[in-house]
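This report refers to the structure that appears directly beneath it.
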Amino acid sequence: MVEKKTDLPEKGAVLQRDRETYAIAPDTPAGVVAPEILRKIADVAEKYSAAAIKITSAQRMVIVGLKEEDIDDAWKDLGMTPGAAIGLCVRSVKICPGTTFCKRGVSDSLGLGMALHDAYHGMDLPAKFKMGVSGCPNCCAESWVKDIGFFGFKDGFKVVVGGEAGKKPRVGTELTQVKSNDDAMKVTQDVINFYKANGKPKERLGDLIDRIGFTEFSKGVLK
């Protein structure tokens, strides 16, 4: 009997369309990488005859088209941790350049986004969970269509929740405003705690909000 191939989460590998090869996604928070990392990814892709290097909407570079037997060696050569590209967990934190690089930035989106990534990336939750951090009122980090999103203002961040860009696209709803990165981290933890306690298996945050009502959700989060 021929073994049916599938994703290999324990190897950080996703089965591709051809049902034979795999893609791996090294963790590159905010898509900010040093030149030596770019060279290393290119070298590994070339060494193992990858089909392509794909830049994703999650600010990662995916090495596409690896043979199953090469996956472990490819990770060893990279010396990088996998990005949480699959599974019921905190996936990507999409982050704009903010005041670090962008002339329009008014808030430190990279600082907040990296802190969120370090605290939550890969955390198991009822369903996949995405975050976006924009350093100004623009939506460059797609914060309106993330489970939790932030928009920078001179006096802090606006926090929105319940967005999604999947099969049922929806714009998030404003939850509150916070004055500092520490306050943003606290409200994120409060949202995640409520979601863990009340979300059904595979229920996105927006669906939970629809089920119980936004008023009930906000009361539970903003105690």
With a 1.4 angstrom probe the carbon and sulfur portion of accessible area for the chain, in percent, totals 52 percent
FRET efficiency for residue 18 and residue 171 from the Cβ-Cβ distance with R0 = 45 Å, rounded to 0.05, comes out at 0.80
Cross-link reach from residue 47 to lysines, straight Cα distance under 26 Å and at least 8 residues apart if same chain, gives 5, 11, 67, 76
Over 19 Å (Cα to Cα) among 4/128; 146/167; 167/202; 154/179; 202/223 -> 4/128; 202/223
Here P(r) for segment 136-223, Cα-Cα distances in 5 Å bins, as whole percents, is 3, 15, 26, 26, 18, 9, 2, 0
per DSSP, antiparallel bridges as share of beta bridges in segment 1-137, % nearest 5, sits at 75 percent
Under a 1.4 Å probe, counting only protein heavy atoms, residue 46 has an accessible area in Å², nearest 10, of 150 Å²
With -39,500 (n - 2.57) per DSSP H segment of 4 or more residues and division by the full residue count of the chain, the 222 nm estimate, nearest 500 deg cm²/dmol, is -9500 deg cm²/dmol
About its Cα centre, segment 104-185 carries a charge dipole, from +1 on Lys and Arg Cβ atoms and -1 on Asp and Glu Cβ atoms, whose size in debye to the nearest 20 is 380 debye
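Around residue 99, with a cut-off of 13 angstrom between Cβ atoms, what is the net charge of the other residues, counting Lys and Arg +1 and Asp and Glu -1?
Values: positive: 103, 104, 154; negative: 108.
Net charge around residue 99: +2.
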Partner lysines whose C-alpha sits under 16 Å from that of residue 54, ignoring same-chain residues fewer than 8 away, are 40
Residues of segment 1-43 with backbone N under 19 Å of the label point set 7 Å from the Cα of residue 68 along Cα→Cβ are 1-25
Magnitude of the Cβ-charge dipole (Lys and Arg +1, Asp and Glu -1) of the chain about the Cα centre, nearest 20 debye, reported as 780 debye
Among 75, 98, 32, the residue whose Cα sits farthest towards the positive end of the charge dipole of the chain, when +1 is placed on the Cβ of each Lys and Arg and -1 on the Cβ of each Asp and Glu, is 98
In the neighbourhood of residue 211 defined by beta carbon distances under 12 Å, the net charge of the other residues (Lys, Arg +1; Asp, Glu -1) is -2
Length gained, residue 214-residue 37, 0.36 nm per residue minus C-alpha separation, equals 59.4 nm
Output row, site residue 203, 7 Å Cα→C-beta label point, backbone N cut-off 16 Å, window segment 126-140, residues 126-129
Note on the chain: contact order normalised by length, alpha-carbon pairs under 8 Å, 6 or more apart, percent, works out to 13 percent
Along the dipole axis of the chain (charges at Cβ: +1 for Lys and Arg, -1 for Asp and Glu; origin at the Cα centre), the most positive-end residue among 55, 172, 112 is 172
Of 54-64, 161-171, ordering from highest average Cβ density within 10 Å down gives 54-64, 161-171
Sorted largest first, the C-alpha extents of segment 81-146 along its principal axes in whole angstrom are 36, 24, 15
Once normalised by the length of segment 1-87, the mean sequence separation of its alpha carbon contacts under 8 Å that are 6 or more apart gives a contact order in percent of 34 percent
Over the chain, with neighbouring protein chains present, the accessible area per residue in Å² at probe 1.4 Å is 52 Å²
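The values are calculated or read from the model by the stated rules, or taken from the named source; none is laboratory data. Everything numeric in this text was worked out from a predicted model, so none of it was measured. Note that each Cβ is placed from the backbone with ideal geometry, even for glycine, and that neighbours are counted across all protein chains shown. The protein model used for the area step is the full one, side chains on, heavy atoms only, and it has no ligands, DNA or RNA in it. Shrake-Rupley method; radii C 1.70, N 1.55, O 1.52, S 1.80 Å.
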